[in-house]
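**Q** Sharing a structure, written as structure tokens. Questions coming.
The values are calculated or read from the model by the stated rules, or taken from the named source; none is laboratory data. Note that the coordinates shown come from a computational prediction; the quantities given were computed from them, not determined experimentally. For neighbour counting, all protein chains shown are included, and Cβ atoms are generated from backbone atoms with ideal geometry for every residue, glycine included. For the accessible areas, the whole protein counts, side chains as well, though only heavy atoms, and no ligand, DNA or RNA atoms are used. Shrake-Rupley method; radii C 1.70, N 1.55, O 1.52, S 1.80 Å.
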Amino acid sequence: MEESMEEEEWGSYVAMMDDQNHNNWEAAVDGFRQPQPPPPPPSSIQAPAREPPGGQLLAVPAASVDRKGPKEGLSMGPPPPPEANGVIMMLKSCDTAAAVAKAAPAPTPSSTININTSTSKFLMNVITIEDYKSTYWPKLDGAIDQLLTQSPGDYIPISYEQIYSCVYKCVCQQHSEQMYSDLIKKITNHLERVSKELQASPPDLYIERFNIALGQYMGALQSIVPLFIYMNKFYIETKLNRDLKDDLIKLFTEHVAEKHIYSLMPLLLEAQSTPFQVTPSTMANIVKGLYTLRPEWVQMAPTLFSKFIPNILPPAVESELSEYAAEDQKLQRELIQNGFTRGDQSRKRAGDELAYNSSSACASSRGYR
Amino acid sequence: MSAEEMVQIRLEDRCYPVSKRKLIEQSDYFRALYRSGMREALSQEAGGPEVQQLRGLSAPGLRLVLDFINAGGAREGWLLGPRAEKGGGVEEEEEMDEVSLLAELVEAASFLQVTSLLQLLLSQVRLTNCLELYRLAQVYGLPDLQEACLRFMVVHFHEVLCKPQFHLLGAPPQAPGDVSLKQRLREARMTGTPVLVALGDFLGGPLAPHPYQGEPPSMLRYEEMTERWFPLANNLPPDLVNVRGYGSAILDNYLFIVGGYRITSQEISAAHSYNPSTNEWLQVASMNQKRSNFKLVAVNSKLYAIGGQAVSNVECYNPEQDAWNFVAPLPNPLAEFSACECKGKIYVIGGYTTRDRNMNILQYCPSADIWTLLETCDVHIRKQQMVSVEETIYIVGGCLHELGPNRRSSQSEDMLTVQSYNTVTRQWLYLKENTSKSGLNLTCALHNDGIYIMSRDVTLSTSLEHRVFLKYNIFSDSWEAFRRFPAFGHNLLVSSLYLPNKAET
């Protein structure tokens, strides 16, 4: 019952993804694929290839069935006109493939997929670049849009299995390069928009909005990166020797963080010196985030970064112990001046202590959180 | 730690229970799924799914992968081992079944990214599945597996090459810069360390260079640094022992020993090849014609068995089909002639026809399948050996007999000579002679920068006079003599093979 609500909410997009058989919408695409580059002339290799595969593999839409009609009576009528999906090699079994190979070893397919001897349902249909552009990428595009714009922790109605399968098929059908470039382009565009929105925000909201943008993007990556692990493993890691997550983080650095760091940093420093202007958690998020994006930014405000990230400042030196002590004493004096007591120094039992010192304990805890 | 949390995986109408912990441990798909925060990642109470739905995979493939996961990963002897052990006896149909099951398994393992299972496949590459695994590795983008299959196919090149399915993979280059798989494998076979190898019926005993245990070895390798011969950890196949007058040639770094005669009986047609990559002898298809004292020449990735005792026909062996076929015959049967390959053509020089001396230089063009008379020379030669470098043929040893008015000497049987014949300019050069050695009954091989020469037959009684192991350096036109003769023996053959580098074995 929750499922049906989702489908209403997410409209045809989810409905399209939720079909029982992935091949549904692949086959449906055939309908839109009428204008095709001229198909190769029918040859001996295509005759067995044209046999429609097993019934449950293709839920063929009506339009498609009509076009496939004449094909059944191949031997009876004149040879059917070459049709759009004639190029699809649906080699159902190894035997067919072997027979084809023995009969005609000369005509060799242009891509490894065409010699596929397996019964794989995923690879049954060739995904052309047009298929990819008209069906597969839009599906991914929609999912990425949702992931980029939702808030961290929101319920994600997207099915991992559906999107992963889509990525998987595109990778296996040699569209990794295109898909990777589309993904980078898409996210770059998104980040440029985010950056513009940030530029337009008033100074008093600037830090908070930057924090939200950073958090939202990092949250989205938590989902986007897992969806593309197949492409990452079999294309980005092996062919480009890079990592998708690093690449996507770098995009934020280049298109958002770098553009804002010089206006953000003075505001952060100012906010740091004015208690409670921004919540400490926001401050911590941003500082840690900036450090992740580019560790060198520490140099812009070492003291600020050192508050949130360990080992930023040089390690303590024995010769400066007295100075550290003096600093601590100064801090304690300031605290007392601001109304913080030193806490209880007496040797009372624990229970007594609670009763005795409760008010100051509360005060101090509030001060730190 | 009570009962493990189980996940139901549904494919089509069936559900498969799997331990969630093991699933996350072994499958990158499920690890990422549970981290993604998407619909399927939620627990059932939080609105997550009752089952993890999978689509598009095959049930047998998924079952194998889930068995693997449930078993907690790699186990000894798992999976492909038992089926592959059936070896050559596998029926065609059964092999096809294995092939399609393999495809389903690799697909499921790739989809679910069960890395340890994919890793395990690297050690499961066999002759029965290497082509399929290679194709699958290409489809699913598994470079490690692809490499492992390539390595296997290089090692077992000819066995793989003659499989009918090889044509499916052996697609010609797709881009201009690309080389075909066949070409890649062929080139990869020419790696390793070039080593001189000597075959023969060596005699044991106190005169042998090393005190061998038991039977003396029939295969030796030469270590150039120490100038010593060591036994190869293999011997001639029993049916090649005591075979004389065979033809030998190297094709794709396989040493072929073909035909010949047995002292006790008659001519044979059997063919064997030694594969240094596996250190194994393979029996390949026999010739159609029994022949001995003929020449075996490798040209354009094929072997040609030329002539023989009273035989003029020529057969061609194609490793892709593992079969011999007759091609255009010699104009006449020839005896005591020699032949070699040069620039893609075969040259036949010297010897006798049934009536007379053969003064003709014959050239065979494999693509046209035609023998032509290149020219007639005025020096008669017989029983020589021939090797070629670029367009130059080196004629080593043999018995020279100059006809014509300006004859140098009568017959020069007691001299080892090296001459060259340029197939382009048709120029003869008398390069070098070594009067202390006989030019008859020798075996030679091109190796590094020279021609290594060894006397073929040595009998104990005359061994001191006939022990020859020297090198003709073709660049400096000079002799170099080696002290260490491999062993006393009969029927010597020396050749140069690439042996696997020690680190690789």
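**Q** Give the residues of segment B:237-267 that are in a loop (DSSP other than H, G, I, E, B) and surrounded by fewer than 21 Cβ atoms within 10 Å (Cβ to Cβ), sorted by residue number.
**A** Listed by number, the residues that qualify are B:P237, B:V241, B:N242, B:G245, B:D252, B:I263, B:T264, B:S265, B:Q266.
**Q** May I pose another question? So which of B:V114, B:V125 is more than 10 Å from every other protein chain (Cβ to nearest Cβ) and either of a type in the set (S, T, Y) or within 17 Å of A:E237 (Cα to Cα) (or both)?
**A** Just a single option satisfies the conditions, and that option is B:V114.
**Q** Something else now. Looking at (1) open to solvent by 10 Å² or more (accessible area, probe 1.4 Å); (2) over 28 Å from B:R186 (Cβ atoms), which one does B:N318 not meet, given that it meets all the others?
**A** B:N318 satisfies all of (1) open to solvent by 10 Å² or more (accessible area, probe 1.4 Å); (2) over 28 Å from B:R186 (Cβ atoms) except (2).
**Q** Shifting gears a bit: Going through segment B:41-50 one residue at a time, which ones are open to solvent by 30 Å² or more (accessible area, probe 1.4 Å) and either among the charged types (D, E, K, R) or within 11 Å of chain A (Cβ to nearest Cβ) (or both)?
**A** Once the filter is applied, which keeps residues that are open to solvent by 30 Å² or more (accessible area, probe 1.4 Å) and either among the charged types (D, E, K, R) or within 11 Å of chain A (Cβ to nearest Cβ) (or both), segment B:41-50 yields B:L42, B:E45, B:A46, B:P49, B:E50.
**Q** Could you identify the single residue in A:E192, A:E237 that is farther than 17 Å from B:Y29 by Cα and either out of contact with any strand residue (DSSP E or B) (no Cβ under 9 Å at 6 or more places or on another chain) or modelled with pLDDT of 95 or more (or both)?
**A** Result of the check over A:E192, A:E237: A:E192.
Okay, residues lined up against (1) more than 9 Å from every other protein chain (Cβ to nearest Cβ); (2) crowded, with 18+ Cβ neighbours inside 10 Å; (3) not in a helix (DSSP H, G or I):
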{"residue": "A:G215", "(1), (2), (3)": "yes, no, no"}
{"residue": "A:S223", "(1), (2), (3)": "no, yes, no"}
{"residue": "A:M231", "(1), (2), (3)": "yes, yes, no"}
{"residue": "A:Y235", "(1), (2), (3)": "no, yes, no"}
{"residue": "A:D247", "(1), (2), (3)": "yes, no, no"}
{"residue": "A:A257", "(1), (2), (3)": "yes, yes, no"}
{"residue": "A:S263", "(1), (2), (3)": "yes, no, no"}
{"residue": "A:P266", "(1), (2), (3)": "yes, no, no"}
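**Q** Taking interchain pairs and intrachain pairs at least six residues apart, which have beta carbon atoms under 8 angstrom, with the first residue in segment B:11-27 and of a type in the set (S, T, Y) and the second assigned to a loop (DSSP other than H, G, I, E, B) and loosely packed, with under 15 Cβ neighbours inside 10 Å?
**A** B:S19/B:E4; B:S19/B:E5
**Q** Would you point out which residue out of B:E85, B:E98 is more than 9 Å from chain A (Cβ to nearest Cβ), modelled with pLDDT under 85 and buried (at least 18 other Cβ atoms within 10 Å of the Cβ)?
**A** Within the list B:E85, B:E98, the selection yields B:E98.
**Q** Just the residues that are among the acidic types (D, E), under 19 Å from B:A108 (Cβ atoms) and open to solvent by 90 Å² or more (accessible area, probe 1.4 Å), please, taken from segment B:1-40.
**A** Those that are among the acidic types (D, E), under 19 Å from B:A108 (Cβ atoms) and open to solvent by 90 Å² or more (accessible area, probe 1.4 Å): B:E12, B:D13, B:E25.
**Q** Out of (1) within 14 Å of another protein chain (Cβ to nearest Cβ); (2) open to solvent by 40 Å² or more (accessible area, probe 1.4 Å); (3) not acidic (D, E), what's the single condition that is false for A:S181?
**A** A:S181 satisfies every listed condition except (1).
**Q** Kindly provide the set of residues from segment A:136-158 that are closer than 19 Å to A:L183 by Cβ and either at pLDDT below 90 or open to solvent by less than 10 Å² (accessible area, probe 1.4 Å) (or both), ordered by number.
**A** Scanning segment A:136-158 gives A:Y136, A:K139, A:L140, A:A143, A:I144, A:L147, A:L148, A:Q150, A:I156, A:I158.
**Q** Let me ask you something else. Quick check on segment B:101-128: of everything there that is open to solvent by less than 30 Å² (accessible area, probe 1.4 Å) and outside any helix (DSSP H, G or I), which residue is modelled with the lowest pLDDT?
**A** B:T128
**Q** Would you mind stating whether A:L191 is touching a His at 6+ places or on another chain (Cβ under 6 Å) and either within 14 Å of chain B (Cβ to nearest Cβ) or part of a helix (DSSP H, G or I) (or both)?
**A** Yes: the conditions hold for A:L191.
**Q** When segment B:313-372 is examined, which residues are found to be of a type in the set (V, I, T) and outside any strand (DSSP E or B)?
**A** Those that are of a type in the set (V, I, T) and outside any strand (DSSP E or B): B:T353, B:T354.
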